[in-house]
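Trainee: Can you keep this structure in mind? I'll have questions shortly.
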Amino acid sequence: MKVKPLGDRILVEPMKEEEVKKGGIIIPDTAKEKPQQGKVIALGTGKRDEDGKTIPFNVKEGDKVLMPKYGGTEVKIDETEYQIVREEDILGIIS
């Protein structure tokens with residue numbers, strides 16, 4: 001199934017947190033925090049300015065990005081969890 005976000009929205013696949021920490025402690029699923037990093041899967045059509053011109057995105061497909069812990073919309077597509085966020089909610093690009 002293909003999903004194309006609309007407007008200035010971005011489809012992001014959250015990156016899974018490691019199961020075992022450096023000290024060998026295993027973190028149960030109930031104690032894990034929401035991922036803050038993700039990979040951009042698809043971009044929307046873009047935001048428009050007052051003149052109706054499309055403003056280009058600052059991110060591109062395949063970029064690793066930082067996202068806020070809470071925000072956006074969680075969706076499940078073909079048994080994979082994704083998050084749809086607005087471009088303005090992206091905190092930064094990881095290089």
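The values are calculated or read from the model by the stated rules, or taken from the named source; none is laboratory data. What you are looking at is a predicted structure, and each value in this text was computed from that prediction instead of being measured. Using ideal geometry, Cβ is built from the backbone for each residue, glycine included, and neighbour counts are taken over all protein chains shown.
Trainee: Can you confirm whether region 8-23 contains a residue that is at pLDDT 90 or above, surrounded by 12 or more Cβ atoms within 10 Å (Cβ to Cβ) and assigned to a loop (DSSP other than H, G, I, E, B)?
Mentor: Yes, some residue in region 8-23 is at pLDDT 90 or above, surrounded by 12 or more Cβ atoms within 10 Å (Cβ to Cβ) and assigned to a loop (DSSP other than H, G, I, E, B).
Trainee: I'd like the residue in region 24-43 that is β-branched (Val, Ile, Thr) and either modelled with pLDDT of 85 or more or assigned to a loop (DSSP other than H, G, I, E, B) (or both) and, out of all such residues, is farthest from the chain's Cα centre (by Cα).
Mentor: Checking each candidate, the answer is Ile25.
Trainee: Out of the residues in region 44-71 meeting the condition of being part of a strand (DSSP E or B) and not aliphatic (A, V, I, L, M), tell me which one is nearest to Ile94 (Cα to Cα).
Mentor: Across region 44-71, the extreme among qualifying residues is Lys64.
Trainee: Kindly indicate the residue of region 47-94 that is touching a residue at least 24 places away in the same chain (Cβ under 8 Å) and of a type in the set (Gly, Ala, Ser) and also surrounded by the fewest Cβ atoms within 10 Å (Cβ to Cβ) among those meeting that condition.
Mentor: Here the answer is Gly92.
Trainee: So, in region 72-95, of the ones that are part of a strand (DSSP E or B) and among the acidic types (Asp, Glu), which residue ends up nearest to Gly7 (Cα to Cα)?
Mentor: Glu74
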